[in-house]
Each structure stands twice: as C-alpha cells, then as structure tokens.
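Student: Sharing a structure with you now.
The values are calculated or read from the model by the stated rules, or taken from the named source; none is laboratory data. This structure is a prediction, so every number in the text was calculated from the model and none was measured. FYI the Cβ positions are ideal-geometry reconstructions off the backbone, even for glycines, and counts take in every protein chain you see. Note: accessible area is taken over every heavy atom of the protein model, side chains too, but ligands, DNA and RNA are not part of it. Shrake-Rupley method; radii C 1.70, N 1.55, O 1.52, S 1.80 Å.
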Amino acid sequence: GQIVESGGDLVQPGGSLRLSCEAAESMFRLYDMGWYRQGPRNQREFVARETVNGITDYADSVKGRFTISRDNAKRVMYLQMDSLKSEDTGVYYCNSWPGAVVPWGQGTQVTVSS
C-alpha cells in the first residue's frame with residue numbers, strides 16, 4: 001500500500017512541472033486515482049482525478065493548466081502542471097479518489113515563486 005510522490009521543485013510563476021506518483025498495481029487497476037494538495041494554511045484539497053476508465057476531472061482552479069494521466073502498466077500516475085501560479089504552492093499527494101484506501105505518502109513539495 002505504499003505511495004511515493006516525486007517531481008516537486010521550486011519553479012517561477014508561469015513555469016511547468018511534472019509530478020509522478022508510484023503505487024501498487026492493484027490501486028491503478030481497481031480505483032479511481034486523484035491528486036490532492038495542501039497549502040501552508042489550507043486543508044488538503046482535491047486537484048484532479050482520473051477514473052479507471054480514463055475519465056478526468058479537475059478543480060476549477062487548475063482547469064486548462066494541469067493534466068492528469070496514468071500508466072497502469074508502469075504503476076505510475078502523472079500530473080503535468082503548466083502556467084504555474086503562486087497559489088499552486090503546496091505539498092502534492094496522490095491516493096485513490098474520493099477517499100484514501102491506503103496511508104498517505106510523504107507528498108512532494110511544489111513551490112512557485114520568483
């Protein structure tokens with residue numbers, strides 16, 4: 001049930017990052033998967049999700065800028081983040097959606113700042 005997120009970094013506003021999430025094959029096969037984030041003063045919030053059938057959905061704040069994808073064979077899910085804004089700063093996590101079925105990972109820190 002281990003989840004490992006990676007790819008976070010310090011980036012300037014307008015820049016791009018691609019986050020990766022590695023998890024058990026069974027998670028990708030059985031569950032809709034989501035990306036979440038937690039800002040400095042916020043609760044963990046939904047960012048994006050992809051169903052087992054490939055349907056995607058995004059928070060209004062990231063629509064048109066972020067793209068979620070998954071490679072079930074490689075047990076990896078991605079979050080391509082473009083046109084980053086300072087308000088995208090936070091720790092990004094992945095897990096099943098809508099509720100976590102395994103313990104949360106460490107997350108990966110994204111900092112958008114000039």
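Student: Nearest 500 deg cm²/dmol is fine: what mean residue ellipticity at 222 nm does the chain get from its DSSP H runs of n ≥ 4 alone, each adding -39,500 (n - 2.57), divided by its residue count?
Tutor: -1000 deg cm²/dmol
Student: Right, something else. So what does ILE55 come to for accessible area, using a 1.4 Å probe and Å² rounded to 10?
Tutor: It works out to around 110 Å².
Student: Taking the Cα centre of segment 1-113 as origin and charging only Cβ (+1 Lys, Arg; -1 Asp, Glu), how large is the dipole, in debye to the nearest 20?
Tutor: It comes to approximately 40 debye.
Student: Spelling out what I want: for every residue of segment 37-44, take phi, set θ = phi - 60°, compute 6.51 cos²θ - 1.76 cosθ + 1.60 (Karplus), and round to whole Hz; glycine and proline get x.
Tutor: Listing the rounded values in order: 9, 10, x, x, 10, 10, 6, 4 Hz.
Student: Continuing with the same structure: If you filter segment 1-46 for trypsin sites (Lys or Arg not before Pro), then keep DSSP loop positions with at most 12 other Cβ within 10 Å, what is left?
Tutor: For trypsin sites (Lys or Arg not before Pro) across segment 1-46 that sit outside H, G, I, E and B with at most 12 neighbouring Cβ atoms in 10 Å, the list reads ARG41.
Student: Measure off 7 Å from each Cα along the Cα-to-Cβ vector at GLN2 and GLU45, then give the distance between these two points in nanometres to one decimal.
Tutor: 3.2 nm
Student: Another one. What's the FRET efficiency of ILE55 with SER114 using the Cβ-Cβ distance as r and R₀ = 35 Å, to the nearest 0.05?
Tutor: 0.45
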